[in-house]
């Protein structure tokens, strides 16, 4: 036993007890955040899982458990898979076109071109607009007598005028364009943040070594943005698959099931068909699919690193 | 030395906040409602009401075009009774969802205009969220046509399995859906009379096309397909068979339902539709009609008010019943009934006041004023009969009330209706056929019947 420690032992013990008490007491500060998380995030998830096994109609608190019937019905529903396929098309188009445009814009703005501060603001305006408003604006643009057809006629391409969202050939792509127009600003900001994190010295060193613009882009910019790509891609896939507002405002999934997307189907089951059980089952299936997709994307990017 | 901190006032604040939230979540139950004797506010009632200073009821509605009118009526009601009515407008498509969410959380307003069919209201009855009014307002219901009252009445054997029989909504106005045509454009195409038969309608379409006029538009992209198909469901199948087919007691394929879908194909083949019809909503079609871009629209009687709002000078139009096809064996019946149903919350603490206000809204004077200002058909028969200066279109809509069906039956799952709507959206652009759509509807019906078993 250390004789020096003897007279101090009770004091140390008391101090450590006080510290422990204070530590536990400090946990109370986290309680409001925990309560909010529990009420607004955890509880709805738990209830969604619960409802997915029931025939709940959204109003009556008395419902019956139906086992896996809703899941069986969801997984064998051809329209659901068509909606997922449409979501996949949105995701693919966004990954290819939207993110490429966003990357090019961010590289251009990061290159200190004149007015880059203004561009930064302008490119970020669409993401802060309401999706419904964007949907209605584009619906007006695509109208048979709208601005797009008027423009085509004005430049002598009257033969290409079209009922853009009223035709099965173009409706899906027309909605995708409006969605990408709104989403490009989000990817742009993330890419720009990633670009600004690359040390300038690397470019200076490359210049000394005689690297041209393309080489700098290929050997410095692109590899340095790998983690940003992963995040942008995950967000793009989740956003594109979860698209709702534009489809709701522009086509309601039509013509037929041409622009039907998972979120619209979930909404229709809940609020048109009053089948919250089925709607919850679709939500869970969809949530699991998105979770798996995100995991795969993360895993792939880690393997590359 | 360990620094001794001041007492944790912040912690106390956090605790107080948590307790406040907990207390808020556990708010007390509603008080039991008092009984009401119904009828209009009598002088003695007024005195009683005026004594209850500060009595206030909350009224939710979705009628963008009638908000000022309702606020004005609420103010008049307050000056007569002393009861304040807080008229709150929630326009747009989200009104139904708002009602559902409020019912889930027991926070429905005292009074609301209901948005949805009898099946939707049945769910609120099941949870005892809304009040049975037949027993409390018997005299009031005598003011309305019987068929209108029946729209939200649930009797033994009702298809919605409502066990608490009764009447749950008071009609503020009535409506029905028919074809509306532009007289000038018809004259321009050399059409002198509105079509009486389906064949005449197709001839009119051809004449309009020949004159370079787009014949027809409606909200094919939204909910209008069902009401537009309904007259032909009755015409081809007849009421009894239609109900049996929808319930799955008779097969859908071979029932004659394909003829119903063929009317949309006929219109497509005769190039009747405006461009972009497959995803067109009703407001867009209404705008085109008012602008003179299309000659006909399938719309409800409320459209008269909408047209007036869009262009008060646009008056040269009239109404005709959905024309019957020559090969249809039964009478055409149209969609209609209560335009705006008034529904009372079961949990209201101001039952007397709410029922007085409902009575006030459907009294003859208010109904006349309502019809005059909003261009909607009054539900009160006395008010409807006393309409002297009714336009031809409004009169034809009024006459249409005689042809409104009581029940068109319901499929065991709304997915069958969805299959039809989605299918028709493709038929009208030549991307599908009645046979294909009928098969898809049958698949949805068989699936629903299997799940029901």
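Report, as an integer, the average count of C-beta atoms from other chains found within 10 Å of each Cβ along A:253-262. Spell out each step's value before the answer.
Details: counts 6, 11, 15, 14, 6, 6, 1, 1, 0, 0.
That works out to 6 on average.
How large is the helix-only mean residue ellipticity at 222 nm for the protein assembly as shown, computed as the sum of -39500 (n - 2.57) over DSSP H runs with n ≥ 4, divided by its residue count, in deg cm²/dmol to the nearest 500? Provide the component values of the computation, followed by the final result.
On the way: 37 runs with 410 residues, N = 758.
Here the helix-only value at 222 nm equals -16500 deg cm²/dmol.
Multiplying the residue separation of residue A:68 and residue A:224 by 0.36 nm and removing their Cα-Cα distance gives an extension gain of 51.5 nm. Past the 22 angstrom mark, what percentage of all C-alpha to C-alpha distances in region A:77-304 do you count? When all Cα pairs of region A:77-304 are counted, 60 percent exceed 22 Å.
Between residue A:12 and residue B:223, what FRET efficiency comes out of the Förster formula 1/(1 + (r/R0)^6) with R0 = 56 Å and r the beta carbon distance, rounded to 0.05?
Working: r = 75 Å, r/R0 = 1.35.
Given R0 = 56 Å and the Cβ-Cβ separation, E is 0.15.
Counting only alpha carbon atoms, the long axis of helix B:95-104 and the longest principal axis of chain B meet at about 40°. Please determine, in degrees from 0 to 90 and to the nearest 10, the orientation of helix B:414-427 with respect to the longest principal axis defined by the Cα atoms of chain B, where the helix direction is its Cα long axis. Taking the Cα atoms of chain B, the angle to B:414-427 is about 40 degrees.
Length gain on complete extension for the stretch residue A:113 to residue A:203, per 0.36 nm per residue less the alpha carbon to alpha carbon distance? Mind showing how you got there, number by number?
Numbers: separation 90, 0.36 × 90 = 32.40 nm, distance 1.70 nm.
Length gained between residue A:113 and residue A:203: 30.7 nm.
What percent antiparallel are the DSSP beta bridges of chain B, to the nearest 5? Intermediate results must be reported in sequence, preceding the final value.
Numbers: 23 of 37 bridges.
Of all bridge pairs located within chain B, approximately 60 percent are antiparallel.
Based on the convex hull around the alpha carbon atoms, the protein assembly as shown presents an average projected area of 47.8 nm². Computed on region A:42-135, with alpha-carbon pairs under 8 angstrom and 6+ residues apart, the relative contact order is 12 percent.
The simple spin-label model puts a point 7 Å past each Cα toward its Cβ; for residue A:150 and residue B:392 those points are separated by 3.4 nm.
If contacts are Cα pairs under 8 angstrom and at least 6 residues apart, what is the relative contact order of chain B in percent? Working shown, then result.
Details: 764 pairs, mean separation 106.4, N = 453.
This gives 23 percent for chain B.
Considering only A:222, A:30, A:121, give the residue with the highest GNM mean-square fluctuation for chain A, with springs between Cα atoms whenever their separation is below 10 Å. Top of the fluctuation ranking is A:30. At q = 0.06, 0.10 Å⁻¹ the log10 of I(q)/I(0) for chain B amounts to -0.31, -0.79, computed by Debye summation with a single uniform scatterer per C-alpha, solvent ignored. Taking max minus min of the alpha-carbon positions on each principal axis, region A:9-51 gives extents of 57, 16, 6 Å, largest first.
So if R0 is 45 Å, what FRET efficiency would residue B:349 and residue B:453 give, r being the distance between their Cβ atoms, rounded to the nearest 0.05? E between residue B:349 and residue B:453, to the nearest 0.05, is 0.55. For peptide B:415-427, the mean count of partner chain Cβ atoms within 10 Å of a residue's Cβ comes to 4.
Springs join every pair of Cα atoms under 10 Å in this Gaussian network model of chain A, and among A:269, A:207, A:260 the largest mean-square fluctuation is at A:207. Report, to the nearest 10°, how far helix B:434-452 tilts away from the longest principal axis of the Cα atoms in chain B, using its own Cα long axis and a range of 0 to 90°. Approximately 40 degrees, to the nearest 10.
To two decimal places, what compactness ratio does region A:266-305 give when its Cα radius of gyration is scaled by 2.2 N^0.38 Å?
That works out to 1.69 for region A:266-305.
Extending 7 Å from Cα along the Cβ direction at residue A:302 and again at residue B:364 yields two label points whose distance is 8.0 nm. DSSP beta bridges confined to the protein assembly as shown are antiparallel in about 65 percent of cases.
Inter-chain Cβ neighbour count for A:161-169, averaged per residue, equals 5 (cutoff 10 Å, partner chain atoms only). Working from Cα pairs under 8 Å separated by at least six residues, relative contact order for region A:77-304 is 30 percent. At each listed q (0.19, 0.23 Å⁻¹), what is the log10 of I(q)/I(0) that the Debye formula gives for region A:120-237 modelled as equal alpha-carbon point scatterers? These q points yield log10 I(q)/I(0) values of -0.99, -1.22. Here the Gaussian network model covers chain A, with springs between Cα atoms less than 10 Å apart; of A:282, A:43, A:53, A:43 fluctuates the most. Protection proxy ranking for B:321-329, B:154-162, using the average of other Cβ atoms within 10 Å per residue and placing the highest first: B:321-329, B:154-162. A convex hull fitted around the alpha carbon atoms of region B:385-453 yields 130 Å³ per residue. Under the simplified labelling scheme, the residue A:28-residue A:288 pair shows an inter-label distance of 4.3 nm, with each label point 7 Å from Cα along Cα→Cβ. A full extension of the chain between residue B:158 and residue B:382 corresponds to an added length of 77.7 nm, given 0.36 nm per residue minus the alpha carbon distance.
Where a number appears in this text, it was derived from the coordinates with a stated rule and is not lab data. Not measured: the values here are computed from a predicted model. All Cβ positions, even for glycine, are placed from backbone atoms using ideal geometry, and neighbour counts span all protein chains on display.
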